[in-house]
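The next block holds one structure in the form of C-alpha cells; read it before the comments.
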Amino acid sequence: MIRQSLSIVALFATSLTTSCSRKTASAPLPQPTAFGSAIVESSGGKQTSQAGMALPQPLVVQVNDQQGTAVPGAMIEFSAAAGVAFDPAYGLTDSSGQVATNVTLGGIAGRYQLTAFTIDKSRKKVALTIEEIALGYQQTLGRQLNDQYCERCHNPESTVERVSNFDNLEIKPHPFSEGDTLNKMNDADLTAIIGHGGPALNKSALMPAWGNTLSKSDIEALISYTRAISDPPGHDAGPVYAKN
Amino acid sequence: MKEKLKSLLQKLFGDSVRAFGVVSLVFLFSLAIAPAKNHFSEWRHYQHGYLKMIRNRSDAVTLQRHFEGGIQQIWLPDLGVVDRCMSCHVGLKEASLNDVPTQPFRPHPVIPHKLDQFGCTICHRGQGAATTVAEAHNSTLAWEQPILPAKYIESSCGECHRGPLPGAPQLNQGRHLLSRYGCVHCHMVKLPDGKIMKATDDPPSLSHIGDKTTREWIYAWLKDPQAYAGTATMPNFKLSDDDARDMSAFLIANSTPLPGDTATLSAKASSDPSAGASLYGESFCASCHAVQNAAGNVVGGDVGPELTRVGNKVKPEWLQAWLRNPRDYDEETAMPHYRYNDAQVATLSGFLLAKTDSDLLANVHLEAATPEQIARGKRLVSDYGCASCHEIGGIKKPENFAPELSRIGNKPVTQLVFLPGMQHTLPDYIAAKIKQPRLFGQALKMPQYSFTPAQIDSLATALLALNDRAATLPPSLTVAATPESDYQPAGKAGKLMTDLACFSCHRINGHGGDMAPDLTWEGSSVQRQWLVGFLKNPNTLRPSLIRRMPRFNLTDGEANELTDYIMTVYQSPSVDRDSMPLSGYPQGEVELGKQLFYGKYACQGCHIVDTKSDKGYIGPTLTQVGSRLTAAWIFAWMKNPQALRPGTGEPNRAMSDEDARALTAFLISQKGGGKSEVAKK
C-alpha cells in the first residue's frame, strides 16, 4: 500500500516536472528591430467560418507609426480565448509592415474576439481587437441556403461570379447582417415573412413566399444564420469569446 | 527504532480484544474506500457544479425538474454505443442554457440527429463508457481513439453519408479535393460502398508533348508548376536542377509526333489584340479558363488550365491545330470543337500567344541532352511515378504507387512516425503530412502541394471518414451517394454532342457537369424553332451570368440534327409539350396573368418582361419566352419548379391551376421584338 502510494506520488511529481519543463522549453521570441505606435487591420476581419475550423482568409494586420506609415520589423502577437489557434501566433512585420496569420476558431459557435498587439517605443502595449464569427451546424446549413436562394437579392455586394440584384429592386431588401432592423424582428415574424412572403407582414411582394420550397427546419436554419452574423449582434447572437 | 516499533505493536495488539478492535477498524476503513471513491467521483463533482449553477437562474425550476442524478447512459446495441458522457455533460438537451459559454454544461448545437438515437461517440469518438474526463477524452493505454477535434467533426458525418451533404461543406470539399487534385491517382481509395474513388483532374498525356511545348517550358514547369500558373493542380516535386534537366530531356526525346499535328502554320497568328480579346470573350473561354487580371486576381473557370502565361508554353502551330479541333490531339478533352475558320484561329492564337511572362523562361538555358541524361531522366520519371497521373509512351502506369488510403481513418498511432514536437494523434499526423510531406523524410516522393490551411483540414476530414466503422456499417444505416451515370447519347447526334463537349457543362440523365442547365427534359421545355436558332447563335438568357453558352459555328445541318435528337429523346414523362397551345388564349386571361405577374407574385423582382420598366436580374429574361418555351412547360413550372429542376432558385408558389394558367397565357404572349400580344392591343 505504502509502496503504491509512493509510486503514485513519484509519478505525479515526474509528470509535474515534465509539464513544467515543457513550458520553459518554448523558443525565445524574436527581437523587434522597430516600434510602431498603432496597429490596424489590413484584411481578414469579420469573416465567418465553421466552429473549430480555419478562417477562409488569413488575418493580416499592419503596424504604423505616428505618421501612418507602415513599420517593418515590429513585433506582433496574437491572442484570443482558449481554443483559438494562430499560425503563427507572433511575428515580425515584413517589408510592408504586415504580419499574416492563419486563424482556427474555437469549437463552439459564437463570436470570437481576437487581439493583436505590439509594443511602442515606450514599451506600452498597443492592441487591436478584431471579431470573427464561428457558425454551428444549423447556421452553416443556413448559410448554404442563403447562398442558394437569398443572397442574390439580400446581399448588395456583387462579385465576379455573382451579380447582385439588390440595386434592381424598387424596395430594397435588408442585408442579413443588418442587425438594426433584423434584431427587432422576432423569430415568429421572420418565419412568417420567409414562409409566406413580404405581404404576410405588410411588406413588399417582391419578397416571395418560400414556404413551399424550404422546409420548416430550413427556415429555422436561415434565421439562426441571420442571428449569428447580425451586426450589431442581437440578444441571441450566441456567446462572445474574448481573452479572459 | 526497533524498540519503538515493538512498543507500538505491543500497544495495538497487546491483548486479543484490542487486536480485534484494531483489525476491525482497518477492515472498516478499507471497506469504505469503494463508496468513498464513488462519492468523490468526477461526475458527481460536475453534477454538483451543475446544480449550483442552475440554482440562481430564472429557469431553475424547469432545469431542476429535468435533472436526473447518477450515471446517465445511452445504450444502442445496433451501433455498439455505450455512452456515459451525459453524466458530466448534464445540460446537453437544455436549449435555454445557450448563454453558458463553455462545456460541460452547454446544450448541444441543433443537428438533424437525436442524441438518444445516436449517442455521442458516434460523432465525437472518445471512450463512451468511461466516467472520468481523462479516460473519456484522451487516448489511454487501453483506448486509442481520443475525442475528435471540432475541426474534423464532419468526418463522422461522412462515415454514413456517402454523397455530398448539405451542412457539411468541409467534408464535401475534402472529398472533392481528393479527386480534383488527383490524390487518388497514386493512393488507391476504395470507398466504403466498394467503389474505387476516381480522379477528376484529367492530367494530359505526355506521349506527344514535343508537339505542344518546348523542353525549356517543361523544365520550368517541373521545377515549379505554380510559377507558371498559381491555380495549377500539379504539385511541386522539389526537383533539383539536374533532375529537371534530365526529366525534361527524356520527355522530349520520348515524345512521338502525332500525324497531321505538325502541319505548318496555315494562317499567320494575328496581332490584333482587340479582335482577339473580343473573340475570346464571345467564345466564353473564361467559363472554363482563368486568367490573372491586372489586379492580380485569377478570374475564370477551372475546367481547363489557367492561360495567364500560355504564350510561354505552347508552340504556335500546336495551338492553331488545337483551336481548329482539340480532339485531334486529345480525344477525351473537355474542350469543345469550336469549328473556327482560319481567320478566327489566327486571331485567337495571336491573342493567346501574346500572353507571356518574360521572367518565366529567362533563366532557363539547356544544352542538348546527352543519352546518359535521357536515360537518367527516364529512371527519374519512373521513380517519381509520373505515369500514375500522365500517360507516357513506353512507361507503364505503376500499380499502388503510394500507400492505399481506404482505411486511413483507423491507422493505429503506434504505426506512425511523428515529427518532434507534434501532437501524437492521427488527425494531426494526416494534416502535417499533407502540409509538408518531405518533412517526414527527404527521401519521400510525395510532392509539395500548395493547399490553404482550410483545404488541408478538409482533406484530413475526408480521409478520417475512411475507417473500419464506415466500411462495416450495415447498408440500412448508410445514406448512399447518387451514382454518377455513364450515360452517352447515341448515333450521329451523340457523336456531335461529344465533339461539342456538351457534357463538360450540361448534365443529362445524371451524367455531366453542373455549370449549365440540366438538359434531361429539354425536349419538353423548348420550342423546336427556338432551339435551332439558339444552337446556331446562342443569345443571352441570363444577363448576370459570366458563364454562358458559346457559339460553336454549327452548320444548319448540325443544328437540325442536334435539335431533332433533343426534341425527340429528352422529354419529361410528366410534361406533354403538345397539351397546351402556344397562342390563342383569351385576352382576359392574358390580362389576369399580367396582373398576377406584376402584383401578387411580383415576378419582375427576378425577371424582365418589359425592358423599359423591369430590372430583375436573376432569372432568365422573358421578353421572348413565348417563342422559347412550350406552354405546357411554363404551366408545369409555375405549379412546381423544383419538380422539373431540383435546386432551382425559383420558389414554388403553390399556385392554383387558374393562376398558373393565366400566367402561362401572359408569358406565352411574350414573343419578343416588342410585338407581344398585350402590347399590340
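The values are calculated or read from the model by the stated rules, or taken from the named source; none is laboratory data. None of these values were measured; they are calculated from a predicted model. Every residue, glycine as well, gets a Cβ built from its backbone with ideal geometry; the counts of neighbours run over all protein chains shown.
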*Kindly state which helices (runs of 4 or more DSSP H) lie completely within the range B:281-390 and contain at least 1 residues that are within 25 Å of the chain's Cα centre (by Cα).*
B:386-389
*Residue selected from the range A:145-179 under the condition of a type in the set (Gly, Ala, Ser) and in contact (Cβ under 8 Å) with a residue 40 or more places away in the chain, by the criterion nearest to A:GLY234 (Cα to Cα)*: A:GLY179
*What tally of residues in the range B:53-69 results from selecting those that are in a loop (DSSP other than H, G, I, E, B) and either within 14 Å of another protein chain (Cβ to nearest Cβ) or out of contact with any Lys or Arg (no Cβ under 9 Å at 6 or more places or on another chain) (or both)?*
6
*Taking the range B:105-133, which residues are under 15 Å from A:PRO239 (Cβ atoms) and touching a residue at least 24 places away in the same chain (Cβ under 8 Å)?*
B:PHE105
*Restrict the check to the range A:227-234 and report whether at least one residue is surrounded by 19 or more Cβ atoms within 10 Å (Cβ to Cβ), of a type in the set (A, V, I, L, M) and within 26 Å of B:MET638 (Cβ to Cβ).*
no
*In the range A:101-126, how many residues are more than 17 Å from A:LEU29 (Cα to Cα) and in a strand (DSSP E or B)?*
10
*Filter the helices (runs of 4 or more DSSP H) completely within the range B:95-139 down to those with at least 1 residues that are over 21 Å from B:THR461 (Cα atoms).*
B:115-118, B:133-137
*Close pairs from the range A:57-81: first in the same structural domain as A:GLU131 (by TED's automatic domain parsing) and within 18 Å of A:SER122 (Cα to Cα), partner crowded, with 21+ Cβ neighbours inside 10 Å and among the basic types (Lys, Arg), Cβ under 6 Å, at least 6 apart*: none
*Test for A:SER204: is it among the hydroxyl-bearing types (Ser, Thr, Tyr), without any contact (Cβ under 8 Å) to a residue 40 or more places away in the chain and either crowded, with 19+ Cβ neighbours inside 10 Å or under 20 Å from A:ASN165 (Cα atoms) (or both)*: yes
*Extreme residue, farthest from A:TYR112 (Cα to Cα), among residues of the range B:93-109 that are surrounded by fewer than 18 Cβ atoms within 10 Å (Cβ to Cβ) and more than 10 Å from chain A (Cβ to nearest Cβ)*: B:LYS93
_helices (runs of 4 or more DSSP H) enclosed by the range B:604-681 - at least 3 residues per element that are in contact with a helix residue (DSSP H, G or I) (Cβ under 9 Å, 6 or more places away or on another chain), modelled with pLDDT of 90 or more and under 27 Å from A:CYS150 (Cβ atoms)_ = B:631-639, B:657-668
_Given the condition surrounded by 16 or more Cβ atoms within 10 Å (Cβ to Cβ), touching a helix residue (DSSP H, G or I) at 6+ places or on another chain (Cβ under 8 Å) and at positive phi, answer yes or no: does some residue in the range B:182-197 qualify?_
yes
*Among residues belonging to the range B:113-135 that are within 14 Å of chain A (Cβ to nearest Cβ) and out of contact with any Leu (no Cβ under 9 Å at 6 or more places or on another chain), point out the one that is nearest to B:GLY70 (Cα to Cα).*
B:ALA134
*Which members of the range B:485-518 meet the condition of being more than 18 Å from B:PRO646 (Cα to Cα), polar (S, T, N, Q) and in a loop (DSSP other than H, G, I, E, B)?*
B:GLN488
*Do you know which of the residues in the range B:639-670 that are touching a residue at least 12 places away in the same chain (Cβ under 8 Å) and within 9 Å of chain A (Cβ to nearest Cβ) is farthest from B:ASP514 (Cα to Cα)?*
B:ARG653
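Results for (1) outside the structural domain of B:ALA253 (by TED's automatic domain parsing); (2) surrounded by fewer than 19 Cβ atoms within 10 Å (Cβ to Cβ); (3) free of Cβ contacts under 8 Å to residues at least 24 places away in the same chain, shown as yes or no for each residue.
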| site | (1), (2), (3) |
| --- | --- |
| B:TRP143 | yes, yes, yes |
| B:GLU154 | yes, no, no |
| B:ALA220 | no, no, no |
| B:LYS223 | no, no, yes |
_Complete set of residues in the range A:135-169 that are outside any helix (DSSP H, G or I), over 19 Å from B:GLY619 (Cβ atoms) and either facing another protein chain (nearest Cβ under 9 Å) or among the basic types (Lys, Arg) (or both)_ = A:GLY136, A:VAL160
*Restricting attention to the range B:447-484, which residues are in a loop (DSSP other than H, G, I, E, B), of a type in the set (A, V, I, L, M) and touching a Cys at 6+ places or on another chain (Cβ under 8 Å)?*
B:ALA465, B:LEU473
_Hits in the range A:113-155 (condition: under 26 Å from B:CYS606 (Cα atoms), within 21 Å of the chain's Cα centre (by Cα) and surrounded by fewer than 16 Cβ atoms within 10 Å (Cβ to Cβ))_ = A:ASP147
*Just to be sure, is A:THR191 buried (at least 19 other Cβ atoms within 10 Å of the Cβ), closer than 22 Å to A:TYR137 by Cα and away from chain B (no Cβ under 13 Å)?*
no
